[in-house]
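A quick write-up on the structure given underneath.
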Amino acid sequence: MTSKNLCFKLMIEDLKRRIWTMALLLLGFFFSIVVPIAYAGSIPLEDYSSHGMWMRHVRTIIFKMAGKSNPFVVVVLVVGAVVCAVSGFSYLHSARQIDFYHSIPVKRSRLFVVSYVNGILMPAVLYFLTLALGVLTVYIFKIDHVGLISTVLTAYCFHMAYYCLLYTTAVLVMMLTGNIIIALLGIVVFFVYGPGVTLLISGYNQVWWETYIPMKDYGPNAIYEKLMMHTSPFFNYIKNLETDTSGHLLALTAMVLLVTLVLAVCACLLYQKRPSEAAGQALAFPKSKMPIKVLLVVPIALICSLFFWELRSTMPWAIFGLLCGAVVTHCLMEIIYHFDFRKLFSHKIHLLCCIVGSFLILCGFKYDLFGYDSYLPGRDQVKSVAICMNTEEEWITYGGVELRTYDDEKIYEWRYENNLDYVAKHMALTNVDDILSIAQKGIAQKGMETYAQSENDYPESITIQYTLNSGRKVARHYGIYRNQIDAEVRRISDSPEYKMGTYPLLLQTPEETRSISFQQFDRTSKVRVEAGSRELADLLLAYQEELKGLTIETRKQEVPIATIQFRTEEHEKAVESYYEQSYDYRHYTGNTEDRCYYPIYPSFTNTRKLLKAAGIEILEQIPLKEVQYIKIQKNLSWEEKDSSQATQEITYQTPEEIEALLPALVFCDYANMNRMTSTAWEDAEVQVVLTAQGGERGISCYLDSNRIPDFLRADLR
């Protein structure tokens, strides 16, 4: 009983010593929660068109301020974690105070527990009280509070779990240091070191490895995001703030508290082993000086090396930056360790080892000593392959419709998916030999400019993902001029496996399809087929078969003449809901109507026949009667320019001229869907102005050089 009373008295005395900390936390929570809620509740109703809109807006603000996404609470808790850790254990950094505390007839472990627990109780109680006051404020303003209590409790558990983790990390740093300034620097290092090194590695990958895929949202690169998230309590906290954790809040809280417990035990053990004479020194444990120094000097040296490389792109400057970063950082740390400027060149062997280690890492990346760029698996090691040729099918929209909530209103929005991720998940080519041939040529190429053999040649951006027999996935990116790999690309692109992994529409079934839309010359119409009907299924299946049978040879000879869209039920709901949304939210849904249009080529005879049976007539060219005039603008070369004119602009308005021009016009959107075409385009911008209800509308076209009438060719000279 005496022991419990003593522990309680020590906690009371510790709280008295830290009244200023409690006052600071109380002010922070009050202005982060109560004041914003009260401000939201006092927003004038007159500013809104209806009471319902006012209620939705105010409720959204209140739930944000009382929920886990309140940014002000995050700031208060992060700062509070550092302040509570420093104020609770600052006596460890003072020789006079530590002599007093350790003279008290109480075990060190109990002294640790007293200060540690108080550092958690203070924000826990004050945060809970201000949340309760915020809820009371909501009741006073008579705001719709359905679900508010669960939101508040969820936020409280989430934030307090991460507060405990951040606070315990800061306490651990206090155990390792003997000076408050060094402790604050150490806390920053513990919070950002892991993500910083991860970014450094990613940066080196992007700069030195030509075949590295820099896209952070590409599946195989997710390891870097995971490293950033799991090597820092602070970044883990911020990342989970942006993530919906409602489905696994209990598991997340338990995991965070488990890590916190482990760190707390480590901190307690360090407290018991910490020598009293460590007060006033930079680090409490001398043996930790060398590892910490190496862990800081090497990354900073590599950062400085990368900085100077980016400035000049020469190896001497990269080495200069490495030397500067290593020497300056090492000297600063020696000064900090000894609090003596004369010690800046102590432990020269450590400095030499850091320089050599940093240099080896730099050379490993620069000269590909790790074999990253030269990686090529054996034929018998590969189970399947996925290939993404980014310049080929840029028009394809990946992703799908997603129902989201904005200000308590359900809004349909398009959720985009990265093309590499889609292809990696859906493509499994067995034609491994052609893929390996492409990769081998990509590895061998020394500069894409040496491979360009004609004006029509262009660099192909290719990403290859190997699925090895072990299940491991390895991805590489290459830039190769098309003439070098034309034969391989032909065989790959014409294969059904490639098309099934590239075109999402080929995986869509008639049961999933609700409606069909047709578009030609910037005019859209619905195809008259019923959902679930035989006509709809026949049209979808016919188009899929012709798309799968589309070859590169056909694409070289033809350009699309129209586009077609097969909407799923969710897609159709999104389009239909556009005018049902409040005006302020329509922009979220508006872009879904134009997604997932696919090209119709002249050779798609079955598709065209079924469309005609459904009442859709595909025109071969823009109707003459709809054209008001055609404006052609050509950029002049330097030899053709004079001081007053940089472009040549010609307008054709007579029916005879327009009729002669129409066969040479190709709608830009259709031409851009086919990079394979051998059609030569004239270097000119064409605007076709059509009659429209209530005015006019214009469409952009290309000029087919082989079909230009003689009078236009004469005018363009």
Checklist entry - If contacts are Cα pairs under 8 angstrom and at least 6 residues apart, what is the relative contact order of segment 123-236 in percent? => result 22
Next on the checklist: Give me the dipole magnitude in Debye, nearest 20, for segment 496-568 about the Cα centre, with unit charges on the beta carbon: positive for Lys and Arg, negative for Asp and Glu.
Outcome noted: 240
Item to check | Radius of gyration, Dmax [segment 304-365; alpha carbons; angstrom] | outcome: 12.9, 38
Item to check | Along each principal axis, Cα extent of segment 1-127, largest first, Å | outcome: 70, 32, 19
Checklist entry - What is the projected area of the convex hull of the Cα atoms of segment 645-717, averaged over all directions, in nm²? => result 6.2
Checklist entry - Once every DSSP H run of n ≥ 4 in the chain is given -39500 (n - 2.57) and the sum is divided by its residues, what mean residue ellipticity at 222 nm do you get, rounded to the nearest 500 deg cm²/dmol? => result -17000 deg cm²/dmol
Next on the checklist: Normalised radius of gyration for segment 299-433, please: alpha carbon Rg relative to 2.2 N^0.38 Å, two decimal places.
Outcome noted: 1.76
Checklist entry - Got a number for the accessible area of Ser603? Probe 1.4 Å, square angstrom, nearest 10. => result 50
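Please report, in cubic angstrom per residue, the volume enclosed by the convex hull of the alpha-carbon atoms of segment 129-221.
Cα-based convex hull of segment 129-221, divided per residue, equals 198 Å³.
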Checklist entry - For segment 257-375, what Kirkwood radius comes out of the mean inverse Cα-Cα distance, in Å? => result 16.5
Checklist outcome for this item: Binned at 10 Å starting from 0, the alpha-carbon pair-distance distribution of segment 173-315 in whole percents comes out as 9, 29, 31, 22, 9, 0
Checklist entry - With every protein chain kept in the model, how would you rank Trp395, Trp208 by accessible area, 1.4 Å probe, largest at the top? => result Trp395, Trp208
Next on the checklist: Exceeding 22 Å between C-alpha atoms, which entries from my cross-link table qualify? They are Lys287/Lys343; Lys425/Lys573; Lys287/Lys348; Lys441/Lys548; Lys68/Lys239; Lys226/Lys473.
Outcome noted: Lys425/Lys573; Lys441/Lys548
Item to check | Proximal lysines relative to Lys366, as straight alpha-carbon distance under 17 Å, when same-chain residues fewer than 8 apart are discounted | outcome: Lys446
Checklist entry - Excluding ligands and nucleic acids, what accessible area in Å² is computed for Phe235 using a 1.4 Å probe, to the nearest 10? => result 70
Checklist outcome for this item: To the nearest 20 debye, the chain has a Cα-centred charge dipole, built from +1 on Lys and Arg Cβ and -1 on Asp and Glu Cβ, of 4880
Next on the checklist: Can you order the peptides 7-15, 87-95, 158-166 by their average number of other Cβ atoms within 10 Å per residue, highest first?
Outcome noted: 158-166, 87-95, 7-15
Next on the checklist: Give me a comma-separated list of calculated 3J(HN,Hα) values for segment 114-127, in order, Karplus coefficients 6.51, -1.76, 1.60 applied at θ = phi - 60°, integers in Hz, x for any Gly or Pro.
Outcome noted: 4, 5, 5, 5, 4, x, 9, 5, 4, x, 4, 5, 5, 5
Checklist entry - Which entries of Lys556/Lys612; Lys16/Lys142; Lys526/Lys556; Lys9/Lys273 show an alpha-carbon separation above 32 angstrom in the structure shown? => result Lys16/Lys142
Checklist entry - Quick one: what Rg and Dmax do you get for segment 466-566 from the alpha carbons, in Å? => result 17.6, 51
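Just need the relative contact order of the chain here, percent rounded to a whole number, with Cα pairs under 8 Å and 6+ apart.
Normalised by residue count, the contact order of the chain is 9 percent.
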Checklist outcome for this item: Candidates for P(r) over Cα pairs in 10 Å bins from 0, in percent are (i) 2, 10, 15, 17, 18, 16, 12, 6, 3, 1, 0; (ii) 3, 15, 25, 26, 18, 10, 4, 0, 0; (iii) 3, 13, 21, 22, 18, 13, 7, 3, 1, 0, and the calculated one carries label (i)
Item to check | Degrees between helix 249-273 axis and first principal axis of the chain (Cα, 0 to 90, nearest 10) | outcome: 40
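The values are calculated or read from the model by the stated rules, or taken from the named source; none is laboratory data. Given the structure is predicted, the values throughout are model-derived calculations rather than measurements. In this analysis, Cβ positions are derived from the backbone assuming ideal geometry, glycine residues included, and neighbour counts consider all displayed protein chains. For accessibility, only protein heavy atoms count, side chains too; no ligands or nucleic acids. Shrake-Rupley method; radii C 1.70, N 1.55, O 1.52, S 1.80 Å.
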